[in-house]
Amino acid sequence: MLSSIRRCAVRPPLDLSLYLVTDTAMCARLGVPTTVAAAVAAGVTLVQLRDPAASDAELVALGRDVAAALAGTGVPLIINDRVELVASIGAQGAHVGQDDLDVGQARARLGRSAYLGLSVHAREQVTAAISHGIETLDYLGAGPVWETTSKADAAPPGGLERLRAITAASPWPCVAIGGITPVRVGVLRSSGVAGVAVVSAVCGQPDVTGATRALRAMWDDAPHLDVSDEPTNTSKEMRR
């Protein structure tokens, strides 16, 4: 399934293996741009700028600083929620949640060339997303898998069982989020996800470089399930 999507996609596939979601307060010691630069140098492959407390002007200014820190790295910048600011920041896409802008509207605002991700917490939300068309989205953020303190309004944790149900139902690559630590990365990779998304495991850590390298090493060394070898929904249904 995933291999057929990549062939028809209008955007190159993202490397979701180590996805950093920023938290401005947690990054206060170094600042978001410096934290992002250190994390990317240590192995982060995708960055999402998230600061719900910032005004639009503040987010644009911060986003431009982060974009400058990412220049020349090849790592895309994704903006949380505020689709309308992607172009002003010079980012490569956006990520929306279940209570944010409808994904169809988000895609219409972004155009065909920008990336778009969606947070999902249940298999039913995957089904609803599919109704917008396969090329509307590029990936799903699935979780929270475990309890998290990084997001005050996070949904209840669903555990590995719900994560596997989401990845089995999804025609898009999925990235796991919520309570991610280095020791949990190996279990997650074997569940069939394309990557892990982290906030506190990197942001605000005393040693951002060391924390990122630990996550990177655990992902790279963990056995994984190659979901591209599972081309049909029928075979997925047989495993449920």
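No value in this document is a laboratory result; all are computed from the given coordinates. Keep in mind that what you see is a predicted model, and the values were worked out from it rather than measured. Using ideal geometry, Cβ is built from the backbone for each residue, glycine included, and neighbour counts are taken over all protein chains shown.
Sorting 51-58, 25-32, 89-96 by their mean Cβ neighbour count within 10 Å, with the most densely packed peptide first, gives 89-96, 25-32, 51-58. In the chain, Cα pairs under 8 Å separated by at least six residues give a relative contact order of 22 percent. Dividing the helix sum by the residues of the chain, where each DSSP H run of 4 or more adds -39500 (n - 2.57), gives a mean residue ellipticity at 222 nm of -11000 deg cm²/dmol. Sorted on the mean count of surrounding Cβ atoms within 10 Å across their residues, most packed first, peptides 11-17, 74-80 read 74-80, 11-17.
Between rounded, prolate and oblate, where does segment 8-112 land on the alpha carbon gyration tensor, with a ≥ b ≥ c its root eigenvalues, rounded for a/c under 1.5, else prolate if a/b exceeds b/c?
Numbers: a/c = 1.78, a/b = 1.23, b/c = 1.45.
Cα axes put segment 8-112 in the oblate bin.
At 1.567 mPa s and 4 °C, plugging the Kirkwood radius over alpha-carbon pairs of the chain into Stokes-Einstein gives what diffusion coefficient in µm²/s? Using the Kirkwood radius from Cα pairs, D works out to 73 µm²/s. Taking all C-alpha pairs of segment 58-126, those more than 16 Å from each other amount to 47 percent.
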